[in-house]
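The block underneath contains the structure these notes are about, expressed in structure tokens.
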Amino acid sequence: MTLPNKTGHFGEFGGRFVPETLIAALDELEKNFKKLKSDKKFKEELHFYLTEYAGRPTNLYFAKRLSRHFKKLKVYLKREDMLHTGAHKINNTVGQILVAKHMGKTRIIAETGAGQHGVATATVAALFGLKCRVYMGTEDIERQALNVYRMKLLGAEVFPVHAGSRTLKDAMNEAIRDWVTNVRDTFYVIGSVAGPHPYPFMVREFQSVIGREARRQILAKEKKLPDYLVACVGGGSNAMGLFHAFFNDKKVKMIGVEAAGLGINTKHHSATLTQGSIGVLHGSKSGLLQDNDGQVEIAHSIAAGLDYPGVGPEHAYYKSIGRAQYVSINDKEALKALRLLSELEGIIPALESSHAISYLEKLARKVKSRSLVIVCLSGRGDKDMAQLKI
């Protein structure tokens, strides 16, 4: 188990690099979260909404035909795609908005790329009768139109961001600007294990239910722990949610799969940990895609949820100590894997999750004997249908 130190660092990564106006707000958030996470009534409330509303626990499904296809792998899918709203994001939004409710905040803001975090935030804000604004780049608004419709139907305002690459990074920039201006009544629900402390720690805590369940389930089904954990990584919340419960199980290998986009040797990818360097983005020190002058580079992925030039600091820490390995899969490989899982198992994965599925082909060529693998199927692919050329 890893915990951030008093300044919010995992090793050298993390911390707070924010305007002075946000320090008090972050202190207030940290104080309330630490109090609530050990509060019996809050934990009961969180459990109620995760089980009765969101649909936990999710299945750990043995993918028989996919396993037969890869021959050397016995593959289980952690079915986060079966949750209400269609992805793992609701684990975090239920938790954070319950914290906001206890803090007396009346307005919720969020950023979104693929729209799944935006939908999950709008959903829980509607559940508790809170005003909600979601910042979304216009590039993502175009390619994720279905999720835009869903957010609006749920009563949220979708605020288009025209700046920069018009994707997730720029949406997060605008959300932070909003929060600085309206910090008294507004709660910012960050969607990944990124941002200033305590967000990486808080989001990981809410997403760690994925790994705790998966650990119990695999022991019940196989009477042993898996050889490998595989999950896609953009900001990295689904991966950290799966990895965290296995941190002390040294024989369990962890593999985070980033987006190679059009190729890691081009300027059109989102492979932060495999190709980036250490820098600061959105209030946190971590891996970053940047040029020689320290300017943030534009990321690219066919999966809007992976289209981010940074990564959560705990992932950078895992890489630095050798606890996890980070690899990359390109757009074409992800599309091929989406079709493969659809045809073999009748499960249409999100483009983000398809990156993790795709890596199984490379993993199967590396293992010497049949290996037990858990893949986090972070979301379903309904949102991506307009992008597919079938």
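The values are calculated or read from the model by the stated rules, or taken from the named source; none is laboratory data. Quick caveat: nothing in here was measured; it's all calculated off a predicted structure. Methodologically, a virtual Cβ is constructed for each residue, glycine included, from the backbone with ideal geometry; neighbour enumeration extends over all protein chains shown. Calculation scope for accessible area: heavy atoms of the full protein, side chains included, ligands and nucleic acids excluded. Shrake-Rupley method; radii C 1.70, N 1.55, O 1.52, S 1.80 Å.
What do you reckon, is Leu130 of a type outside the set (Ser, Thr, Tyr), open to solvent by 10 Å² or more (accessible area, probe 1.4 Å) and at pLDDT 95 or above? So Leu130 passes the test.
Just to be sure, is Lys101 more than 20 Å from the chain's Cα centre (by Cα), charged (D, E, K, R) and either on the phi > 0 side of the Ramachandran plot or buried (at least 17 other Cβ atoms within 10 Å of the Cβ) (or both)? Quick ask: steps written out before the conclusion?
On the way: more than 20 Å from the chain's Cα centre (by Cα): yes; charged (D, E, K, R): yes; either on the phi > 0 side of the Ramachandran plot or buried (at least 17 other Cβ atoms within 10 Å of the Cβ) (or both): yes.
Yes, satisfied.
Every listed requirement among (1) within 17 Å of Arg204 (Cα to Cα); (2) assigned to a helix (DSSP H, G or I); (3) open to solvent by less than 70 Å² (accessible area, probe 1.4 Å) is met by Glu45 save one, (1). Residues that are among the aliphatic types (A, V, I, L, M), surrounded by fewer than 24 Cβ atoms within 10 Å (Cβ to Cβ), in a helix (DSSP H, G or I) and out of contact with any strand residue (DSSP E or B) (no Cβ under 9 Å at 6 or more places or on another chain): does the stretch 156-177 have at least one? There is no residue in the stretch 156-177 that is among the aliphatic types (A, V, I, L, M), surrounded by fewer than 24 Cβ atoms within 10 Å (Cβ to Cβ), in a helix (DSSP H, G or I) and out of contact with any strand residue (DSSP E or B) (no Cβ under 9 Å at 6 or more places or on another chain). Restricting to the stretch 181-215, and then to whatever is polar (S, T, N, Q) and under 28 Å from Asp249 (Cβ atoms), can you tell me which residue is nearest to the chain's Cα centre (by Cα)? So the residue we want is Ser192.
I need a count of the residues in the stretch 350-388 that are in a loop (DSSP other than H, G, I, E, B) and closer than 24 Å to Thr112 by Cα.
Taking the stretch 350-388 and keeping what is in a loop (DSSP other than H, G, I, E, B), we get 350, 367-370, 378, 381, 388.
Add one more test, that the residue is closer than 24 Å to Thr112 by Cα, and what stays is 350, 378, 381, 388.
Number of matching residues: 4.
Does the stretch 160-175 include one or more residues that are among the β-branched types (Val, Ile, Thr) and more than 20 Å from Gly379 (Cα to Cα)?
The first filter runs over the stretch 160-175 and keeps only residues among the β-branched types (Val, Ile, Thr), leaving 161, 167.
Now drop any that are not more than 20 Å from Gly379 (Cα to Cα), which leaves 161.
Yes, some residue in the stretch 160-175 is among the β-branched types (Val, Ile, Thr) and more than 20 Å from Gly379 (Cα to Cα).
Residues in the stretch 151-168: is at least one modelled with pLDDT under 95 and hydroxyl-bearing (Ser, Thr, Tyr)? Among the residues of the stretch 151-168, at least one is modelled with pLDDT under 95 and hydroxyl-bearing (Ser, Thr, Tyr), which makes the answer yes. Considered as a group, the residues in the stretch 133-155 that are within 12 Å of Ala304 (Cα to Cα) and of a type in the set (Val, Ile, Thr) include one that is least open to solvent (accessible area, probe 1.4 Å), and that residue is Thr138.
All of (1) open to solvent by 50 Å² or more (accessible area, probe 1.4 Å); (2) in contact with a strand residue (DSSP E or B) (Cβ under 8 Å, 6 or more places away or on another chain) hold for Thr181 with one exception: (2).
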